[in-house]
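*Asks:* Got a structure for you, written out below as structure tokens; questions coming shortly.
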Amino acid sequence: MKKVWYEDLTPGMPPEGSLQVEARGEGDWEFVFPRLTLTIYEYFHDAIESWEVGDVTFAEQRYRQLLTDYPEFIDAYHHLAILLEETGDEDEAYKLWQHAVRIGEEHLPDPVRAGKGRLPWLMIDNRPFLRACHGLGLELRERGEIDEALAIFMRLLDWNPNDNQGIRDLVVRCHFLIDQPDGVLEVCERYPDDGMETLLYGRALALIQLGEARKAREALELAVEHLPLVAQELVKERHRAPKDFDPDHITLWSPGQAYHYWLEQGHHWKRTEGALELLREVLEGMEG
């Protein structure tokens, strides 16, 4: 398909005044898109609905036309990037995410750039930029650029500490990929009451890797108490996917959640000396 709004994979920049980031109370900021009216959003949602029912061609054309007319439309970049990635054009999708994030970053005020200002998810017009950053981070991780992905994910936690996107899970995964157990612990301390399996079991694994046996045992006891199926899955000799397992739709406290954790993180447990042995001891002690 002919690229109707750019030829060299370099989209245009928004015209002056078409995008601002304004203060909203103490430390909070919000993106503002003055030109994006309700009618424009209706066109945008038409594209999303067409994509959902399988009319990819119409959706792509609509996204591209919107970006021709409104190059500040960060959410259109993001959705077009997802569409292109799903249809096999990962390189263009990557460039779109890069461009969308660059547009947003160039409009950020100094406090937000310095990590001292927040972009709360609850402010609706912040979500396109936060989503685009998430998409770019995932793409960087997929390409093996873990340090760059981690940097984006950490900025997202600074901008939106409530982490409505589950970024803390990705931060833990990245730290394990580059052998930084201290970084895992920092995230876990930032969210001390979090029940996410990646953090509960990740904290214990990081402590094992750092040689903190007593603290690791305590962390494992807490993890097993809250999510015993994860421990049971990790220590299995053979792993089989539960019936109707869907990695895109995981139910909490289910065998699917446990199996998914093993798929994603089991190799870190296997390669960490003494980790599975300690987990078996804790599990047997609690079950006994």
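*Asks:* Checking Leu9 against (1) assigned to a loop (DSSP other than H, G, I, E, B); (2) modelled with pLDDT of 95 or more, which single condition isn't satisfied?
*Replies:* (2)
*Asks:* Answer yes or no: is there a residue in region 35-43 that is part of a loop (DSSP other than H, G, I, E, B), modelled with pLDDT of 95 or more, crowded, with 16+ Cβ neighbours inside 10 Å and on the phi < 0 side of the Ramachandran plot. Talk me through it step by step, then tell me what you get.
*Replies:* From region 35-43, those part of a loop (DSSP other than H, G, I, E, B) are 35-37; that's our starting set.
Filter once more, so that each one left must be modelled with pLDDT of 95 or more: 35-37.
Remaining after also requiring crowded, with 16+ Cβ neighbours inside 10 Å: 36.
Next, from what is left, pick out any that are on the phi < 0 side of the Ramachandran plot: 36.
Yes: one or more hits.
*Asks:* Where residues in region 59-118 are assigned to a loop (DSSP other than H, G, I, E, B) and of a type in the set (Gly, Ala, Ser), which of them is modelled with the highest pLDDT? Full working, then the answer.
*Replies:* Restricting attention to region 59-118, the residues satisfying the condition of being assigned to a loop (DSSP other than H, G, I, E, B) are 70-73, 87-89, 107-109, 114-117.
Next, only the ones that are of a type in the set (Gly, Ala, Ser) stay: 88, 114-115, 117.
Working: Gly88: 92, Ala114: 87, Gly115: 83, Gly117: 95.
If we take residues in region 59-118 being assigned to a loop (DSSP other than H, G, I, E, B) and of a type in the set (Gly, Ala, Ser), then Gly117 is modelled with the highest pLDDT.
*Asks:* Let me ask you something else. Which condition does Arg141 not pass, out of (1) surrounded by fewer than 16 Cβ atoms within 10 Å (Cβ to Cβ); (2) over 24 Å from Leu38 (Cα atoms), if it passes all the others?
*Replies:* If we test Arg141 against (1) surrounded by fewer than 16 Cβ atoms within 10 Å (Cβ to Cβ); (2) over 24 Å from Leu38 (Cα atoms), just (1) comes out false.
*Asks:* Next question. Any idea how many residues of region 44-60 are free of Cβ contacts under 8 Å to residues at least 12 places away in the same chain and either surrounded by 14 or more Cβ atoms within 10 Å (Cβ to Cβ) or polar (S, T, N, Q) (or both)? Lay out the reasoning, then the answer.
*Replies:* Of region 44-60, the ones free of Cβ contacts under 8 Å to residues at least 12 places away in the same chain are 45, 49, 52-55, 58.
Filter once more, keeping what is either surrounded by 14 or more Cβ atoms within 10 Å (Cβ to Cβ) or polar (S, T, N, Q) (or both): 55, 58.
Number of matching residues: 2.
*Asks:* May I pose another question? Which residues, counting only those in region 157-198, are farther than 23 Å from Gly115 by Cα, crowded, with 22+ Cβ neighbours inside 10 Å and in contact with an Asp or Glu (Cβ under 8 Å, 6 or more places away or on another chain)?
*Replies:* The one that is farther than 23 Å from Gly115 by Cα, crowded, with 22+ Cβ neighbours inside 10 Å and in contact with an Asp or Glu (Cβ under 8 Å, 6 or more places away or on another chain): Thr198.
This table checks each residue for (1) at pLDDT below 95; (2) buried (at least 16 other Cβ atoms within 10 Å of the Cβ); (3) of a type outside the set (Gly, Ala, Ser).
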site	(1), (2), (3)
Leu210	no, no, yes
Ala216	no, yes, no
His249	yes, no, yes
His268	no, yes, yes
Leu279	no, yes, yes
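The values are calculated or read from the model by the stated rules, or taken from the named source; none is laboratory data. Quick caveat, the model's predicted, so the values are computed rather than measured. Virtual Cβ from ideal backbone geometry, glycine too; neighbours counted across all protein chains shown.
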